[in-house]
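Below is one structure, written out as structure tokens; the observations come after it.
The values are calculated or read from the model by the stated rules, or taken from the named source; none is laboratory data. Keep in mind that this is a model prediction, so the values were computed, not measured. A quick note on method: Cβ atoms are made from the backbone with ideal geometry, for glycine too, and the neighbour counts reach across all protein chains shown. Just the protein is used for accessible areas: all its heavy atoms, side chains included, with ligands, DNA and RNA removed. Shrake-Rupley method; radii C 1.70, N 1.55, O 1.52, S 1.80 Å.
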Amino acid sequence: MKAGQGRLWQSPVVLVLFFAFALGMGFSFSSKKEILDSAEYTQNGISYRAAIEGRSETKHWEGSGFLAGKSLSKPFILGKEIVIYEKPESGGSWQEKGRYNFEGVGPWCIAMGQMDQQEDIEVFIGAYRATRYFPEGTRPYLFTWNFKEQQLNRLWSGSYFDAPIFLTAEFEDVDADGFQEIKLEERKWLGEEEFHYITYYTYQRKSFQPIKVKREVIEHKRAK
């Protein structure tokens, strides 16, 4: 080592710059938020991505009232933010277009698709929370991403479509009409009977009303 080279690292200015760089790198890595769920949809040469970012809390569902004694083993991991990204279909990196605080809503799953003739894109958010008349559980929230105005707009939110609990959500064109339906994996209890469904829903935008397009029974048994 040449004379004076070792003393360079002992310089106060160099030490300050080194620790500032290390602190900045540490903050950069720590500030990256966990992605709990995401969905993508491509339309007219642009790819869109909706993501749930940042872990909030974990919930375990147990029924109450007429569902007392019912429970699910699967935990629901709730997120903090909904983030929308866009990029050209031909390639490139995702560009953030909107970030929304959803910590009080409790999002745990997300899906993206096209359900009607409107250009905006439907974003289905599975939330976990209590409502005015119902205890804690999974709630269907439907938004639209207006890519022209770069806004996420709420279309409808409610307690449930038909079954009180759903476990997964995605979009699929089940009737081959060129538009997608919301596909939910649902659980429903009627007395001692327990039903496990896959149900496809569409809706009327002007006066929102979930419309059941198709239902497939996965499992039917006597509830414990």
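What residue, among those in region 197-224 that are of a type in the set (D, E, K, R) and assigned to a strand (DSSP E or B), is modelled with the lowest pLDDT? This residue is 222.
For region 133-158, filtering for residues that are surrounded by 15 or more Cβ atoms within 10 Å (Cβ to Cβ) and out of contact with any strand residue (DSSP E or B) (no Cβ under 9 Å at 6 or more places or on another chain) leaves 1.
Of all the listed residues (120, 177, 116), the sole one being open to solvent by less than 40 Å² (accessible area, probe 1.4 Å), out of contact with any strand residue (DSSP E or B) (no Cβ under 6 Å at 6 or more places or on another chain) and not polar (S, T, N, Q) is 116.
Report yes if residue 128 is closer than 25 Å to residue 205 by Cα, open to solvent by 30 Å² or more (accessible area, probe 1.4 Å) and of a type in the set (Ser, Thr, Tyr), otherwise no. In short, no.
Is at least one residue of region 60-70 closer than 19 Å to residue 158 by Cα, among the polar types (S, T, N, Q), in contact (Cβ under 8 Å) with a residue 60 or more places away in the chain and buried (at least 18 other Cβ atoms within 10 Å of the Cβ)? No, because not a single residue in region 60-70 is closer than 19 Å to residue 158 by Cα, among the polar types (S, T, N, Q), in contact (Cβ under 8 Å) with a residue 60 or more places away in the chain and buried (at least 18 other Cβ atoms within 10 Å of the Cβ).
Among the residues of region 159-174, count how many are among the charged types (D, E, K, R) and open to solvent by less than 20 Å² (accessible area, probe 1.4 Å).
0
Residues in region 184-196 that are at pLDDT below 95 and either among the polar types (S, T, N, Q) or under 23 Å from residue 122 (Cα atoms) (or both): 0 in all.
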